[in-house]
Amino acid sequence: MRNIHLTAGWILAATMLVACHSNSFKINGTIDGAKDGDTLYITYDLGHGTPSDSFYVKDGTFSYEGKTDTTQLGVIYHKRQIDISSTFFLEPGEIDIHLSNVPEKQKVSGTKVNEQWQLLVDSINMFSKKLNDMSAQLFSQSFSEEAQVALQTQMTNTQGKMCQCIMGFAERNITNELGYFLVNLYDEQYISDSNRLKLIEMMPINMSNRPQIQQMKKILNARSNSKLSDFTMRDVNGNLLSLLTEIKKNKITVIDFWASWCGPCIHEMPEVIKMYNQYQPMGLGIIGVSLDSNEAAWKNAIVSLSLPWTHISELNGWNNSMINAYGIRSIPYTMIVNKEGKILQKGLRGQQLADAVRQYLNEK
């Protein structure tokens, strides 16, 4: 929300304006590919998408208005074509939304938070397109090793710029709900633990005292402990394995959090296998910690993907002791630890992970 600085002479008038208008909102919308009478839903239940209200399209437009004294994240989506949707922030004021099944054409504007949100979405789309183009180029063409390293370095630099962009938006909006949302949305791959703590310190007291932020601080403080706690889980043969006992067998160990149902995890496995085959003779070990609930799916994935390293799981999905202890909110996710259990790096993937593994193995 806007911070308004007023001189004494304007206080009474401002109070009257706030009382009369501050909690009213109106959404003015346009939509591609919809017919008159098509139903649109609005929801603030991002987990299940349960609608809180509905309205109809007429002449390619729609509108919705009401009152709110808070700012909250919402989604408007088409009843039958759920790819026609838009994420926005409901807050007092006039909000303009354009719906389309083409992500780049979806737009929100009109209020401060939504203007900033759209700028961030446009920036992320730009970086994502660059990364996708480079990734497609890397996997579809034959390169010399030198050219591969150059392109991978370019991808790493682009990823770094995207992270800086996200952090910049979070800092500039940390006093409003967009900043709060970004702190909760992006995991360690995009906002480091130290930067997340920095953002929490910048929050207004009424925001930093929210239960979710207090819980986050506890997790971040636990993760700042550089020594890995011991966890015991069963391997594919049903044997109980101690994590700390297993990592003592290697110079360094990558703990890889994954699941058979995780598309990005499966997509990245060929590179993980390549890294393992290259560095296992030098002392690299990998322990796969699966978030599967289905034992057969977990074991079948290990066999079909030919994953030769140690695998453990509690077979309880996201309700996993390590996931909960370290506040991991998305997979794939990795930790690099030495044989004493010291956590060396967290959240690395792809070439960044391989580079870090090589660096630590080469240390005396």
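Which entries of 35/79; 26/198; 218/251; 107/217; 227/346 have Cα-Cα distances beyond 23 Å here?
Exceeds cut-off: 26/198; 218/251; 107/217.
Using only alpha carbon pairs under 8 Å that are at least six residues apart, calculate the relative contact order of the chain and give it in whole percent.
Relative contact order, the chain: 11 percent.
Got a sec? Charge dipole of the chain, +1 on Cβ for Lys and Arg, -1 for Asp and Glu; which of 345, 300, 185 is way out at the positive end?
Highest projection toward the positive end goes to 345.
Where the centre of each part is set by its Cα atoms, how far does region 99-145 sit from region 306-362, in angstrom?
Taking the Cα centre of region 306-362 as reference, the centre of region 99-145 is 28 Å away.
Which value, in debye to the nearest 20, describes the size of the charge dipole of region 51-192 about its Cα centre when Lys and Arg Cβ atoms bear +1, Asp and Glu Cβ atoms bear -1, and nothing else is charged?
260
Quick check for you: with a 1.4 Å probe and neighbouring chains kept, what is the accessible area per residue of the chain, in Å²?
Normalised by residue count, the accessible surface of the chain is 52 Å².
Using a ≥ b ≥ c from the Cα gyration tensor of region 90-223 (square roots of the eigenvalues), is it rounded, prolate or oblate, where a/c under 1.5 gives rounded and otherwise the larger of a/b and b/c decides, a/b for prolate?
The shape class here is oblate.
Using each residue's phi in region 195-204, evaluate 6.51 cos²θ - 1.76 cosθ + 1.60 at θ = phi - 60° and report the 3J(HN,Hα) Karplus result to the nearest Hz, with x for Gly and Pro.
5, 5, 5, 4, 5, 4, 5, 7, 5, x
Could you tell me which label, among (i) 23.5; (ii) 24.7; (iii) 22.4, carries the value of Kirkwood radius over Cα pairs in Å calculated for this structure?
(i)
May I ask you to list the GluC sites (Glu not before Pro) in region 287-364 that are in a DSSP loop and have at most 15 other Cβ atoms within 10 Å of their Cβ?
Within region 287-364, the qualifying GluC sites (Glu not before Pro) (loop, at most 15 other Cβ atoms within 10 Å) are 340, 363.
Using 0.36 nm times the number of residues separating residue 306 and residue 23, minus their current alpha carbon distance, what extension gain do you get?
Residue separation times 0.36 nm, minus the Cα-Cα distance, leaves 96.1 nm.
Got a number for carbon plus sulfur as a percent of region 10-166's accessible area, 1.4 Å probe?
Within region 10-166, the accessible surface is 53 percent carbon and sulfur.
The values are calculated or read from the model by the stated rules, or taken from the named source; none is laboratory data. This is a predicted model, so every value here is computed, not measured. We place every Cβ from the backbone using ideal geometry, glycine too, and count neighbours over all the protein chains shown. Side chains included, ligands, DNA and RNA excluded: accessible areas come from the protein's heavy atoms. Shrake-Rupley method; radii C 1.70, N 1.55, O 1.52, S 1.80 Å.
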